Amino acid sequence: MVKQLSLYSDGGARGNPGPAAAAFLAIENTEIIKNGSRFLGTRTNNQAEYEALTMGLEYAISTGAQEIICYLDSELVARQMKGEYRVKNVELEKLYLKAHALRVRFKKAEFYNVSRNNYFIKKADALVNKTLDEQT
């Protein structure tokens, strides 16, 4: 069982809304142990960011991880997950509630906004773009 995982997630839409995809990387001891991506259909960028986070949280739960540190390039999603920003959009609220329900299953969950230049965020972004290229 994995005790702690770091999760890097990214979502993107070509157009806003437009064709969208989500991706995550699960990191343990600086090594990528799992990555995943999914085409989402038509979504906004913020919706895709939440979908990416949810995918990663679901994976982390499946490993039995007790602590999760989430790194996102979306300041909005990171701050909403930390309770610093209110969720005002009805569609985003549904996605927030889903992510929050997953989050409470961990003993500890942290959320950080990081630069798009972060090495692992760049890898997640590349997965998003590869998935979009394959679907569009």
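The values are calculated or read from the model by the stated rules, or taken from the named source; none is laboratory data. These figures come from a predicted structure and were not determined experimentally. With ideal geometry, Cβ positions are generated from the backbone for all residues, glycine too; neighbour counts draw on all protein chains shown. The area values use the complete protein model at the heavy-atom level, side chains included, leaving out ligands, DNA and RNA. Shrake-Rupley method; radii C 1.70, N 1.55, O 1.52, S 1.80 Å.
Only one of the listed residues (Leu127, Leu95, Leu132) is touching a residue at least 60 places away in the same chain (Cβ under 8 Å), under 19 Å from Ala22 (Cβ atoms) and touching a Ser or Thr at 6+ places or on another chain (Cβ under 8 Å). That residue is Leu127. Does any residue of segment 83-97 turn out to be of a type in the set (Phe, Trp, Tyr) and surrounded by 17 or more Cβ atoms within 10 Å (Cβ to Cβ)? Among the residues of segment 83-97, at least one is of a type in the set (Phe, Trp, Tyr) and surrounded by 17 or more Cβ atoms within 10 Å (Cβ to Cβ), which makes the answer yes. Go through segment 1-56 and count every residue that is open to solvent by 40 Å² or more (accessible area, probe 1.4 Å), among the charged types (D, E, K, R) and under 16 Å from the mean Cα position of the chain (by Cα). Number of matching residues: 3.
The condition of being out of contact with any helix residue (DSSP H, G or I) (no Cβ under 9 Å at 6 or more places or on another chain) and surrounded by 14 or more Cβ atoms within 10 Å (Cβ to Cβ) holds for only one of Tyr71, Tyr59, that being Tyr59.
Within segment 98-122, being touching a helix residue (DSSP H, G or I) at 6+ places or on another chain (Cβ under 6 Å), crowded, with 20+ Cβ neighbours inside 10 Å and part of a helix (DSSP H, G or I) holds for one residue alone: Ala99.
Within the set Ala26, Ala13, the sole residue that is touching a Leu at 6+ places or on another chain (Cβ under 6 Å) and small (Gly, Ala, Ser) turns out to be Ala26.
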